Amino acid sequence: MNFFGIPDIYLVILGLLFLSIIMAIIRVIKGPTAPDRIVGLDTINTIVIVSMIIFGLAAGSVIYVDVAIVYAFLSFISTLFIAKYLEGGEF
Amino acid sequence: MAMRNSAAIIFFVIVAIFIILGLLSIHPFGDTSDINTSMDDHIIQNTQKETGADNGVTAVVFDYRGFDTLGEATVLFTAVAGVILVFRRLNK
Amino acid sequence: MVAFVVTALVCFITYLLLTIGSANNASFLNLWMWSIEEIIFGLVLSILVGIVARKVFIKKSLRMLNPVRWLKFIGYMIGPFFIGMAKANFDVAYRVITGKINPGIVKISPNLKTDLGVTMLANSITLTPGTLTVDIDENTNDLYIHWINVKKEALDKMPVDCKFICGKFDKHVRGIAE
Amino acid sequence: MIYQIPFIAVALLVLIGLYAVVFKRNLIKIVIGITLIESGVNLFLITLGFREGSIAPIYHGTEEATRSLPVPQALTLTSIVIGVAVLALMLSFIVYIYRHYNTLDVRKIVGGDEE
Amino acid sequence: MSGMSKIVKTISATILPFITIYGLYIIAHGHLTPGGGFQGGAIVASGFAMIVVAFGSIWTMEKIKEKHLSIIESLGAIGFIGLAFFGLLFGAKMFFANFLVKQDVIPFFNQIGQGLSNINTAGLLPLMNLAVGLKVIAGLFAIVLVMAYATSKIKEGTAK
Amino acid sequence: MAENILIDIIHIIIPILIVASSFVAVYLKDLIAAAIAVAAMSLLLSLEFFILQAPDVAIAEAGVGACLTTAILVIAIRATKRMEDEA
Amino acid sequence: MLNQLIDIVIYILLAIGVFFNILAGIGLLRFPDVYTRLHAGTKCTTFGSIFLCGSVILYGLRMWILGNVDGSIWVIHTGIALVAILLTNPTGAHALARAAHRSGVKPVGAVIDELENKPTKKSANKMEAKK
């Protein structure tokens, strides 16, 4: 493995980030109540944004960052909807 | 009741068998050398020349296959009309 | 009208940031990085967004238009806020590894008046050591904080003193937003 | 076989969705099953168009290279928007059915006296 | 009072213009970078859905009615079909012909794309992107707004 | 086939996670939890599209799946009822 | 020489960011209730993504100075993503904590819970409905 070359070290980083995604998804599966599951979902959101940016770096093309910006803006809206449901009251 | 349930099970099993048969005979993942991709190759090579666009997918959506997009727009229009109709009835 | 102009201007600046590097001969030394077509498109789209979003974006006060407040805000983000955040993470790391927690929900009253100030303070509290904003009183702007390690001496006085929770953040925020 | 994992995932997604559609009784669960089948089909189209070591069919700043096929991607794009429109229509019908029958169980709605 | 807490309201009001201008950027650059009419329309509609959840659907319904959204959506559809018909009238005598690229009908839009630098390339594609984007914005936002408004009218007793 | 073992590992991990979350979405009785699982599946599906070199589709799935699908599902569950009944 | 130094700085930043993200995962699994999990899941991921995005910004800045225009796009777009994360993440955490408290999740092992004494109108309605 070319450790100081460009592509491979980013793929190693990506694999470590996926380890974190796996732990968060275990929380989504296991969580006893609904808020626990959303905490897991929120964590996965942030890690996926970062791993998209890192994958763009590994692929060496700048156009991939746009997808990450979309997630950074929008992932919080689904959290808001479910939080609003759990709070009670009308939409 | 039991008859309907067993019919559902038979249907499910038949579909599962078809899907597994299809899975066994599909081409290897990521290797398109043994299937015919001449249309895609033509699009990949000539997009910039023919449509002037930089993004091949947008060129396909709006130029090469514009009729599909027209159908999709119709479906979206119908769905919005249906939702508004149902909920206007519900509010009364 | 002022709201429309401010919203359109913010959108235009964002659009320029997004389309940076669109000029034909752009480089690090050549600071003019936009082509003229992009600027025309950006103006049209910004005016559209300004018409749509002006009533939501600007409420009544135009206090944040002052550039001194922006400089203070940037200084706050780089200086005290980042240090607090670093401390927070080592604290959380310590608690993740050892598993020692002593949680509780306490109430503080920071006496901030504007919505923006209380929002900024609440988000700062959420990102700094061992604290998390749970609820807010809509009338008096009191904050209810989940505290991961409640100190005994803090519980003597009943709305808990601000300095245990937010340190000097409330002073900075008051300087920025009020 | 191990490298066919995306295709196996497609098959499992479709089968799980089909299981929900056929055997579950709750209407919203059935809709979730249809959503899963849609996702499986989208993933199948994209996986079909992927070539080993290819890059996306966007020509900005890249030279000649193998590119993934653009036509399946365009069809998937159409499919996603149709999916959300149909989902909204189905859910509004479900809300209407719930207001009328006061239940979400399919067998009670269809006349489940045979139970 | 419907809607969520003060913090959520302030943050939603602050980031709404950014989401909207980003969605319009995605629409306008559909022929250069990943994106296009559908994607940008979904992004902008999601931004408005955030306003629905943060401020309450009744507040939002006072600002904009579904009637106006229907009109905007129809305008988008008419624009799309009209642009398709232009190909029948001029140039290639067929539906969806991208006539601006081949001929010098309007000199501003007839260039071949070079990269990220030119937005005025690709003939009809940016205009079609804008029309479809308008249609998708209005359609998806109308779906969310109407569903939220109608279900908020249902009483607490019937809906558990 | 295995030019780069790391990218192959990534291609193996993400489909497994997608299938796991879709299974959870069907298995759970709580419909809100099922909606959360659908949102997680959509998120990972978008990441998979991204890695399969289809950024256009990834943006569409992000905009639709991250917000609108969850929103419509939650609104519909709010208008009906939360639990899937036994029997 | 300077090039390799910048490379090493980028790798160090990446390592710090990944460490905090993995810490978030471990904390999510180890902590006992919703609020403490939110502590782990919000703070650690936000802090980790600051470092990861910072390394990408550094990479783009070097590219920009060396004369490639794409470097400017790396810097600005990653910066916008970072600002969006910093704005939305704590707000989502706050909304979630408030929703959890209103839906009746108690903090485990709490020394003091002052919010419980303040019944809001909605929770009072819910209590009546439960009876």
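Among the residues of the range C:101-121, count how many are in contact with a strand residue (DSSP E or B) (Cβ under 9 Å, 6 or more places away or on another chain) and charged (D, E, K, R).
Matching residues across the range C:101-121 total 1.
Filter the range G:31-82 for residues that are of a type in the set (S, T, N, Q) and farther than 24 Å from A:F73 by Cα and give the result.
G:T36, G:N68
Taking the range G:63-110 on its own, how many of its residues are more than 9 Å from chain A (Cβ to nearest Cβ), in contact with a Leu (Cβ under 6 Å, 6 or more places away or on another chain) and open to solvent by less than 10 Å² (accessible area, probe 1.4 Å)?
1
Would you confirm whether or not the range B:46-57 contains a residue that is at pLDDT below 80 and more than 8 Å from every other protein chain (Cβ to nearest Cβ)?
Looking through the range B:46-57, at least one residue is at pLDDT below 80 and more than 8 Å from every other protein chain (Cβ to nearest Cβ).
Select from the range A:64-91 the residues that are under 19 Å from the mean Cα position of the chain (by Cα) and without any contact (Cβ under 8 Å) to a residue 12 or more places away in the chain and write down the one among them that is nearest to E:T33 (Cα to Cα).
Looking at residues that are under 19 Å from the mean Cα position of the chain (by Cα) and without any contact (Cβ under 8 Å) to a residue 12 or more places away in the chain, I get A:D66.
From the list G:I8, G:I76, G:I22, G:I85, exactly one residue is in a helix (DSSP H, G or I) and in contact (Cβ under 8 Å) with a residue 24 or more places away in the chain. Which is it?
Only one candidate passes the filter, namely G:I85.
Which condition does E:K6 not pass, out of (1) away from chain F (no Cβ under 14 Å); (2) open to solvent by 10 Å² or more (accessible area, probe 1.4 Å); (3) at pLDDT 85 or above, if it passes all the others?
Result: E:K6 passes all but (3).
Can you find a residue in the range A:61-82 that is under 18 Å from F:H11 (Cα atoms), at the interface with chain G (Cβ under 7 Å from one of its Cβ atoms) and open to solvent by less than 10 Å² (accessible area, probe 1.4 Å)?
Scanning the range A:61-82, I find no residue that is under 18 Å from F:H11 (Cα atoms), at the interface with chain G (Cβ under 7 Å from one of its Cβ atoms) and open to solvent by less than 10 Å² (accessible area, probe 1.4 Å), so the answer is no.
Looking at the range A:51-60 only, could you name the residues that are of a type in the set (A, V, I, L, M, F, W, C) and either buried (at least 24 other Cβ atoms within 10 Å of the Cβ) or under 14 Å from the mean Cα position of the chain (by Cα) (or both)?
A:M52, A:I53, A:I54, A:F55, A:L57
State all residues of the range B:7-20 that are farther than 12 Å from D:F7 by Cα and open to solvent by 50 Å² or more (accessible area, probe 1.4 Å); if no residue qualifies, say none.
B:A7, B:I9, B:I10, B:F11, B:V13, B:I14, B:I17, B:F18
Within the range B:29-44, take every residue that is out of contact with any Asp or Glu (no Cβ under 9 Å at 6 or more places or on another chain) and open to solvent by 40 Å² or more (accessible area, probe 1.4 Å) and give me the one that is nearest to the other protein chains (Cβ to nearest Cβ).
B:M39
Where in the range D:7-115 are the helices (runs of 4 or more DSSP H), entirely inside, with at least 3 residues that are open to solvent by less than 40 Å² (accessible area, probe 1.4 Å)?
Passing ranges, in order: D:27-48, D:70-101.
Condition check: more than 9 Å from chain F (Cβ to nearest Cβ), within 20 Å of B:G71 (Cβ to Cβ) and over 11 Å from the mean Cα position of the chain (by Cα). Does E:L32 satisfy that?
no
Conditions (1) more than 30 Å from E:T60 (Cα to Cα); (2) modelled with pLDDT of 75 or more; (3) surrounded by 13 or more Cβ atoms within 10 Å (Cβ to Cβ), marked per residue:
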{"site": "C:A3", "(1), (2), (3)": "no, yes, yes"}
{"site": "C:V10", "(1), (2), (3)": "no, yes, yes"}
{"site": "C:F41", "(1), (2), (3)": "no, yes, yes"}
{"site": "C:I74", "(1), (2), (3)": "yes, yes, no"}
{"site": "C:G84", "(1), (2), (3)": "yes, yes, yes"}
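Quick one: C:T119 ticks every box in (1) among the polar types (S, T, N, Q); (2) modelled with pLDDT of 80 or more; (3) within 23 Å of G:G17 (Cα to Cα) except a single one, so which number is it?
(3)
The values are calculated or read from the model by the stated rules, or taken from the named source; none is laboratory data. Remember, predicted model here, so these are calculated numbers, not experimental data. Cβ sites come from the backbone with ideal geometry, for glycine too, and all protein chains shown count toward neighbours. Please note that ligands, DNA and RNA were not included when accessible areas were found on the heavy atoms of the full protein model with its side chains. Shrake-Rupley method; radii C 1.70, N 1.55, O 1.52, S 1.80 Å.
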